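The values are calculated or read from the model by the stated rules, or taken from the named source; none is laboratory data. None of these values were measured; they are calculated from a predicted model. Here the Cβ is made from the backbone with ideal geometry for all residues, glycine too, and neighbour counts use every protein chain on show. To get the accessible areas, we keep the full protein, side chains included, count just its heavy atoms, and leave off ligands, DNA and RNA. Shrake-Rupley method; radii C 1.70, N 1.55, O 1.52, S 1.80 Å.
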Amino acid sequence: MQELKILYLYPDILELYGDFGNIQVLKYRLEKRGINAIIDSYSIGDESPDFCSYDLIFAGGGADQEQSILAKDLIKYKENIQEAINNGIFFLLICGAYQLFGKYYKDVNGDIIPGLEIFDYYTEAINDRKKRCIGNIVIDVTLDNIKTKVIGFENHGGQTFNITNPFGQVIVGNGNKFGDTEEGFFLENVIATYLHGPLLSKNPDLTDFIIKYCLEKKYNQNINLEPLDDTFENLCRKQLIDKFCSSNK
Ligand code: GLN
C-alpha cells in the first residue's frame, strides 16, 4: 500500500478560517484512492521532528500575536527545514506561515517578528489595524502546464514584497499587497499563499497536484492519480467563481 507522511506544524497555534480542513481534504483524497495518510503534528514543547522524513509539510495562518509566540521555536529548525526544501519535500504554507518563511514580518505596531529567512521576500503590515486585505479571492494559476482558477479567502494586514515567483495572478481580491496583480510564492515544491478557505477543499485540482508531486517524488515514478467524482466540488466551484467574478465587475 502506498502512503504519504504529512507533518502538520503548530495545529494549536496556526489555524485560521478552516486551515485544518486542508489536512482533512488531503487525507480524504488519499484514502479514497487507497493511499495511506500518516499525519503527525508538531507544536512547541513536542519532540523535534525530522522534516526530511516527511513527504509534505503543512502550516496554516495565525494572527500577529500567534506568529510572535512561535517564531523563535520555528527558527530552531531552520537548517533542517532548509535541507527538507533542498531535498524536494513539499511545503504548503498559508498566510501567517507564508510570512514566517520570509525574512521578517513587521507587525502593525512596527515590531519585527523574525522569519526563517529561507526565502528573500519580507512582509510589513500597514500601521493601521483597520487596513487589511479581507475577502474572497480568485487567482489564475498554472499547475503542470494547465491553467486553473484557485479560489480562497484572504484576511491579512501584511503586505509581502520582493516576490520572485508568484503562485498566481489575481482576478478578484488583493493578493500579496493591496490591489496587487500577484498572489503568493511558488517553487517546484513550495506553495506559500494568503488563501485560506480551506484552500484545498475549494480546489481539488490543486490538492491532486500536490498529492501527485509527493507520490512521484517518494516512489520515483510517474503517477496517474485515479480520478475521483468531483461533481459537487466542481458545481460549487462554478458557483463561487461566477459569484465572485461578477461582483468584481
Ligand atoms: N498576522 C498576519 C497578517 O495579518 C497573518 C494573518 C493570517 O494568517 N490570516 O498579515
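Observations on the structure shown:
- Multiplying the residue separation of Asn109 and Ser68 by 0.36 nm and subtracting their alpha-carbon distance yields 13.5 nm.
- Each peptide among 134-147, 186-199, 111-124 gets the average number of other Cβ atoms lying within 10 Å of its residues, and from highest to lowest they stand as 186-199, 111-124, 134-147.
- Structural descriptor for the stretch 140-241: relative contact order 23 percent, calculated from alpha carbon pairs under 8 angstrom and at least 6 residues apart.
- In order along the stretch 196-202, the Karplus-derived 3J(HN,Hα) couplings, from 6.51 cos²θ - 1.76 cosθ + 1.60 at θ = phi - 60°, round to 8, x, x, 3, 6, 5, 8 Hz, and Gly and Pro are given as x.
- Beta bridges from DSSP with both residues in the stretch 1-132: antiparallel share about 15 percent, rounded to the nearest 5.
- Span from the the stretch 51-66 Cα centroid across to the the stretch 113-187 one, whole angstrom: 17
- Entry note, the chain: relative contact order of 18 percent, from Cα contacts under 8 Å with a spacing of 6+ residues.
- Phi to ³J(HN,Hα) by Karplus 6.51 cos²θ - 1.76 cosθ + 1.60 over the stretch 103-110, Hz, x for Gly, Pro: 6, 6, 10, 9, 7, 5, 8, x
- Helical segments meeting 15 Å axial Cα length and Kyte-Doolittle 0.5 threshold in the chain (DSSP H): none
- Percent carbon-and-sulfur accessible area, the stretch 1-124, ignoring ligands, DNA and RNA, probe 1.4 Å: 46
- Where both bridge residues fall in the chain, DSSP classifies roughly 55% of the beta bridges as antiparallel.
- Across the stretch 4-19, rounded Karplus estimates of 3J(HN,Hα) from the backbone phi angles (6.51 cos²θ - 1.76 cosθ + 1.60, θ = phi - 60°) give 10, 9, 10, 10, 9, 8, 6, x, 7, 10, 9, 7, 10, 6, x, 3 Hz, Gly and Pro being marked x.
- Summed over the residues of the chain and divided among them, the accessible surface reaches 46 Å² per residue at a probe radius of 1.4 Å.
- For the residue pairs Lys78/Lys217; Lys130/Lys202; Lys32/Lys177; Lys106/Lys243, alpha carbon separations beyond 30 Å are given by Lys32/Lys177; Lys106/Lys243.
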